[in-house]
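Notes follow once the structure below has been shown.
The values are calculated or read from the model by the stated rules, or taken from the named source; none is laboratory data. Quick caveat: nothing in here was measured; it's all calculated off a predicted structure. As a convention, Cβ positions derive from the backbone with ideal geometry for all residues, glycine included, and neighbour counts pool all protein chains shown.
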């Protein structure tokens, strides 16, 4: 049987400090909104993405989200929620949901209890994976929200890999 500790020990430095170093090295526009929070803008192929890092020392966890502006009108929300379910079935890491403003967001949490801080590679992986998944599924969200397609039609259309060059 596993014994649970009631005390949380925070090892290593605040991971937002490392995120800030990476962001500055890439010259990305950002705003450190507090000691434990940072918002970053990154240009993608389809749109600009908003990266949001939050460090919660009480549970030694780094919460991360990558969102893009795409407001889902009330009438398209059922189809958009169905698309979330279809998209999330295809993900190994993280998940999509809707942010408070009803825009799609890719989210992931990283537990760091017992670790000796977060690594550059972990931060790079968070950013790389989230941007790749947002770029991959952005067309499907557009097809559902503005094209009137069903979730399955949108996935089938958006997931076509082109062959050759135009």
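Residue 76 - would you say it is closer than 28 Å to residue 159 by Cβ, surrounded by 14 or more Cβ atoms within 10 Å (Cβ to Cβ) and in contact with a strand residue (DSSP E or B) (Cβ under 8 Å, 6 or more places away or on another chain)? In short, no. Taken over the stretch 101-136, residues that are surrounded by 17 or more Cβ atoms within 10 Å (Cβ to Cβ), under 14 Å from residue 91 (Cα atoms) and in contact with a strand residue (DSSP E or B) (Cβ under 7 Å, 6 or more places away or on another chain) amount to 8. Among the residues making up the stretch 15-31, a single one is assigned to a loop (DSSP other than H, G, I, E, B) and surrounded by fewer than 11 Cβ atoms within 10 Å (Cβ to Cβ): 27. Residue check: residue 68 meets all listed conditions (1) at pLDDT below 90; (2) crowded, with 16+ Cβ neighbours inside 10 Å but one, namely (1). Residue count for the stretch 43-63 satisfying the condition of being under 15 Å from the mean Cα position of the chain (by Cα) and either surrounded by fewer than 15 Cβ atoms within 10 Å (Cβ to Cβ) or without any contact (Cβ under 8 Å) to a residue 40 or more places away in the chain (or both): 8. If you go through the stretch 86-104 and keep only what is outside any loop (DSSP other than H, G, I, E, B), within 22 Å of residue 51 (Cα to Cα) and in contact with a helix residue (DSSP H, G or I) (Cβ under 9 Å, 6 or more places away or on another chain), you end up with 87, 95, 96, 97, 98, 104.
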